[in-house]
Amino acid sequence: MRPDEPGWWYGDGRTVTLAERLLAPVGDVYAAAVERRFRTAVPYRAPLPVICVGNFTAGGTGKTPLTRFLIARLAEKEKAAVCLSRGYGGSLAGPAWVDPEHHTAREVGDEPLLIAQGVRVMVARDRKAGLVAIERAGDVAAVVMDDGLQNPSLAKDLSIAVVDARRGFGNGRVIPAGPLRARLAFQLGLVDCIAVMGADAPDAEPPVFEDLKKRFHGPVLRGAVAPTGDVSWITDGNLLAYAGIADPERFFRMLAGYAPATLTRRTFPDHHAFTEAEAVHLLAEADATGAELVTTEKDLARLAGAAGALADLAARSRTLPIAVTFEERDLLRLTALIDGALKNGYLRG
């Protein structure tokens, strides 16, 4: 549970807290506003294929790793894809191309900066304006939206929702009474495919997976987010892990799975902008305990371009690179959906 997330969002659903009761009417209003936007919107349909990766809830589900996975799959098909992002947490309204050599997370957001390592990324608060700017580039085969499922301004050729296998939908209520971004029944009607990421046990399907197969008539895929590359340094290591992401416990569990000798956890709010004082504290704690600093790729992206203790923290921190994997059957189903989206876009263009 991250520090800025109400604990009762992910309660057992049987005990209703006073906060839920008080905030439920606000959530109803919020849900109605989302649905009204879709009823009144006239979405812009681009000549390019548009694939959207989003989530039903606030917080992390593995959306950004899946975005990177899809762009890589398109590259394997020799289709040059561009990522379109709102640039959450950044100061630039855009449309603007992300330059990882010059931009910082404070300007373009941590997720776009992370994705921009080897991939072209456009940030734009106005998604239509961003898409039009991408079209003008002239050498783009497809657009992958990182988030935007609840944005009705653009027509999508393929919409994929990512669901965390462990957290599911929490108490099933809409923000601020719960984690849902709109009523689940409404959101199910927005997507073509659902990818359930992660599981406690590889041989057992999580309850949310079985529930979605009953509620949703489209493909429900099973995926995982796992470390890539060498992880031998984790085993028997003395680690001080810090994370400012939506679900830091997932990161800590991943590290713990490789049996470090010690694992000290330090949790910060999602998209946290680390301060000089926090960097000094983390460095001092690592020195005092003889621990190796480790963080997520997204957290390290937010430290890019920093000076002083923040630069030292970035230089001394190792990351745990991660990637999305699917079983062969589900990978084939996802590939067929991608091919269909490309075909629709090309017929239109």
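The values are calculated or read from the model by the stated rules, or taken from the named source; none is laboratory data. Everything quoted here is computed from the prediction, not taken from an experiment. Cβ sites come from the backbone with ideal geometry, for glycine too, and all protein chains shown count toward neighbours. These area figures cover heavy atoms from the full protein model, side chains too; ligands, DNA and RNA do not enter into them. Shrake-Rupley method; radii C 1.70, N 1.55, O 1.52, S 1.80 Å.
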- Message: Using amide H atoms built in the peptide plane, which far-off residues or other-chain residues are under 5 Å from ALA323 H to H?
- Response: ALA226, THR228
- Item | Euclidean distance between Cα centres, the range 240-268 to the range 1-71, Å | 25 Å
- Message: Can you tell me the length gained on complete extension of the stretch THR289 to ARG21, counting 0.36 nm per residue apart and subtracting the Cα distance?
- Response: 92.0 nm
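Can you give the alpha-carbon Rg of the range 73-223 over 2.2 N^0.38 Å, where N counts its residues?
Values: Rg = 17.1 Å, N = 151, 2.2 N^0.38 = 14.8 Å.
Rounded to two decimals, the normalised Rg is 1.15.
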- Note on the structure: In nm, the gap between the two label points placed 7 Å beyond Cα toward Cβ at ARG316 and TYR88 is 3.1 nm
- If you place +1 on the Cβ of every Lys and Arg, -1 on the Cβ of every Asp and Glu, and leave all else neutral, what size is the dipole of the chain about its Cα centre, to the nearest 20 Debye? 1480 debye
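Within 10 Å, count the other beta carbons around each residue, average over each peptide in 64-76, 210-222, and list them highest first. Working shown, then result.
Values: 64-76: 20.9, 210-222: 15.2.
So the order, starting with the most tightly packed, is 64-76, 210-222.
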- How large are Rg and Dmax for the range 16-98 when only the alpha carbon atoms are used, in Å? 17.6, 54
- Give or take rounding to whole Å, what are the principal axis extents of the alpha carbon atoms in the range 112-198, in descending order? 44, 26, 24
- Message: Suppose the Debye formula is applied to equal point scatterers at every Cα of the range 187-317; what is log10 I(q)/I(0) at q = 0.16 Å⁻¹?
- Response: -0.87
- Positive-end residue of ALA80, VAL53, GLN150, charge dipole of the range 50-162 with Cβ unit charges: GLN150
- Item | Pairwise label distance in nanometres, HIS217 with TRP233, each label 7 Å out on the Cα-Cβ vector | 5.1 nm
- Message: Given Cβ point charges of +1 (Lys, Arg) and -1 (Asp, Glu) and nothing else, what value in debye, to the nearest 20, does the dipole of the range 205-307 about its Cα centre take?
- Response: 540 debye
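Nearest 0.05, what FRET efficiency do VAL29 and LYS128 give at R0 = 35 Å with Cβ-Cβ as r? Show your work: numbers first, answer last.
On the way: r = 26 Å, r/R0 = 0.74.
So the FRET efficiency works out to roughly 0.85.
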- Message: What would the Debye equation give as log₁₀ I(q)/I(0) for the range 40-80 at q = 0.28 Å⁻¹, counting only Cα atoms as equal point scatterers?
- Response: -0.98
- Message: Amide H of VAL144 versus every other amide H placed in the peptide plane: which residues, excluding those fewer than 5 positions away on the same chain, fall under 5 Å?
- Response: ILE51, VAL82, CYS83, LEU84
- For the range 79-123, the fraction of alpha-carbon pairs in successive 10 Å shells from zero, as %: 35, 58, 7, 0
- Roughly speaking, what is the stretch gain from GLU210 to ARG37, that is 0.36 nm per residue apart minus the C-alpha to C-alpha distance, in nm to one decimal? 59.2 nm
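Roll a 1.4 Å probe over the protein chains and send me the accessible area per residue for the chain in Å². Could you put the intermediate results ahead of the total?
Numbers: 15480 Å² over 349 residues.
Here the per-residue accessible area is 44 Å².
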- Along principal axes, Cα extents of the chain, largest first, whole Å: 60, 51, 39
- Pseudo-spin-label distance ARG265 to SER153, built 7 Å along Cα→Cβ, given in nm, is 3.7 nm
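Leaving ligands, DNA and RNA out of it, report the carbon-plus-sulfur percent of the accessible area of the chain at a 1.4 Å probe. Present the calculation step by step, with values, prior to reporting the outcome.
Numbers: 8230 of 15480 Å².
Using a 1.4 Å probe with all protein chains present, the chain comes out at 53 percent carbon and sulfur.
What's the FRET efficiency of LEU332 with ALA80 using the Cβ-Cβ distance as r and R₀ = 25 Å, to the nearest 0.05? It would help to have the intermediate numbers written out before the result.
Numbers: r = 23 Å, r/R0 = 0.93.
Result of the calculation: an efficiency of 0.60.
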